[in-house]
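Since the structure comes first, as structure tokens, the remarks are kept for the end.
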Amino acid sequence: MRLLFLGPPGAGKGTQSKLLAQKFSLFHVAPGDIFRQEAKARSPLGRLVEEYMVRGELVPDDVTIKVMEKQLTSDKANKGFVLDGFPRNISQAAALDEVLTENGVNLDLVINLTVPGDELIRRSKTRRVCVGCGKPYNIKSEPPKEPGKCDVCGSKLVMRKDDSEETVRNRLRVYNDATSPLREFYESRGILESVDGNDGVDVVASNIADVLTRRGML
Ligand code: AMP
């Protein structure tokens, strides 16, 4: 199974794609997670990408595509994958097509998570992420068992630097301008399914499972 998630920042792509990857033993690939790890490690790549991330802008395509090519041609990708946050514009989608063609495989499905804009701003204010394993939380709707502590690895939960209201608004602008045209790109291929993301984690996960069943993928 090879699929990808589309949707604005805060729509739940990270949460749902990680659940799906766990359930079906798929390789979960999220450039945002990779970039955050590199920034934390202060590597040359991390220092380069950080300035784009804090502004809510896209990291340049040549950098992102190189990172993703490496992931998608690794052995781990052979078992199937779920992409979370890539592609984010048409040229990245073209690069993805090229890698898949070279590997002799196809994309099975694109899940487009929809959430109203005002809800996205609200969610970003209460979103937290684990500094250890990256698991996302929402202190209002999906809180950890113990406040401020990850249920999985026990590490601290923090607010993402790019979840300030100003940066979220910029990320939404970037999404509307650069990423949203991908809906039509994949719809014209008949592989796009939109799922209402404005509900609890379990409800959205079950609606995604229904889509996979209807498409004969389960
Ligand atoms: P995310 O965790 O997916 O919300 O991504 C966080 C940030 O990482 C984005 O706001 C961008 O700065 C950068 N980023 C993630 N994915 C991409 C991508 N496909 N292309 C360019 N920049 C990206």
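Side notes on the structure shown:
- Residue selected from region 52-111 under the condition under 16 Å from HIS28 (Cβ atoms) and of a type in the set (Gly, Ala, Ser), by the criterion farthest from the chain's Cα centre (by Cα): SER74
- In the set VAL203, VAL195, only one residue is part of a strand (DSSP E or B), at pLDDT 95 or above and among the aliphatic types (A, V, I, L, M); that residue is VAL195.
- If the condition is being of a type outside the set (Val, Ile, Thr) and either farther than 30 Å from ALA94 by Cα or touching a Leu at 6+ places or on another chain (Cβ under 7 Å) (or both), then region 162-183 contributes SER164, GLU165, GLU166, LEU172, ALA178, LEU182, ARG183.
- Filter result (at pLDDT below 95 and either on the phi > 0 side of the Ramachandran plot or part of a loop (DSSP other than H, G, I, E, B) (or both)) within region 141-158: SER141
- Leading residue by the ranking (nearest to ARG55 (Cα to Cα)) among those in region 177-188 that are surrounded by 12 or more Cβ atoms within 10 Å (Cβ to Cβ) and of a type outside the set (Ser, Thr, Tyr): ALA178
- Any hit, region 69-84, residues being β-branched (Val, Ile, Thr) and over 24 Å from GLY197 (Cα atoms): yes
- Index of the failed condition, THR126 passing every other in (1) polar (S, T, N, Q); (2) out of contact with any strand residue (DSSP E or B) (no Cβ under 7 Å at 6 or more places or on another chain); (3) under 29 Å from VAL49 (Cα atoms): (2)
- Scanning region 69-89 for residues that are touching a residue at least 60 places away in the same chain (Cβ under 8 Å) and either touching a helix residue (DSSP H, G or I) at 6+ places or on another chain (Cβ under 6 Å) or not hydrophobic (A, V, I, L, M, F, W, C) (or both) gives GLY80, VAL82, ASP84, GLY85, PHE86, PRO87, ARG88, ASN89.
The values are calculated or read from the model by the stated rules, or taken from the named source; none is laboratory data. All values reported here derive from a predicted model rather than from experimental measurement. We place every Cβ from the backbone using ideal geometry, glycine too, and count neighbours over all the protein chains shown.
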